Amino acid sequence: MEEWTSADDLAEASHGDKQEQQRKHTSTTVASKYNESHDLEKVRLKQFKKTLVRVMLEIVSLQADVMLERYLGKLLRD
């Protein structure tokens with residue numbers, strides 16, 4: 001390990017350590033926020049897919065109802 005020759009060198013090294021700690025903290029914070037955002041996006045996508053499936057099922061159900069009414073209407077007319 002290197003010996004410090006002056007108080008200025010010690011202060012500079014301490015400042016460098018603080019900068020490194022701040023950089024690591026910032027990097028960790030950014031990664032954490034990205035992961036939270038990514039997880040939230042996954043949840044939103046999953047909810048959207050569920051809603052889309054419900055809407056599609058409702059459309060198919062309505063189409064089936066219309067087709068059944070038309071078919072029954074033709075049967076009653078005949």
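At 0.36 nm per residue, minus the direct Cα-Cα distance, what do Val55 and Leu72 gain on full extension? Give it in nm, one decimal, please. Don't skip to the answer; put the middle values down first.
On the way: separation 17, 0.36 × 17 = 6.12 nm, distance 2.56 nm.
Extending this stretch completely gives an extra 3.6 nm.
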- prompt: What is the spin-label model distance, in nm, from Asp65 to Lys24 if the labels are put 7 Å beyond Cα along the C-beta direction?
  reply: 6.3 nm
- prompt: Which listed residue (Ala64, Leu76, His38) has the Cα farthest towards the positive end of the charge dipole for the stretch 32-78, taking +1 on Lys and Arg C-beta and -1 on Asp and Glu C-beta about the Cα centre?
  reply: His38
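Any read-out appearing in this document is the output of simple, stated calculations on the displayed coordinates, not a laboratory observation. The structure displayed is predicted, hence computed values, not measured ones. When we count neighbours, we look across all protein chains shown, and the Cβ atoms used for this are built from the backbone with ideal geometry, even at glycine.
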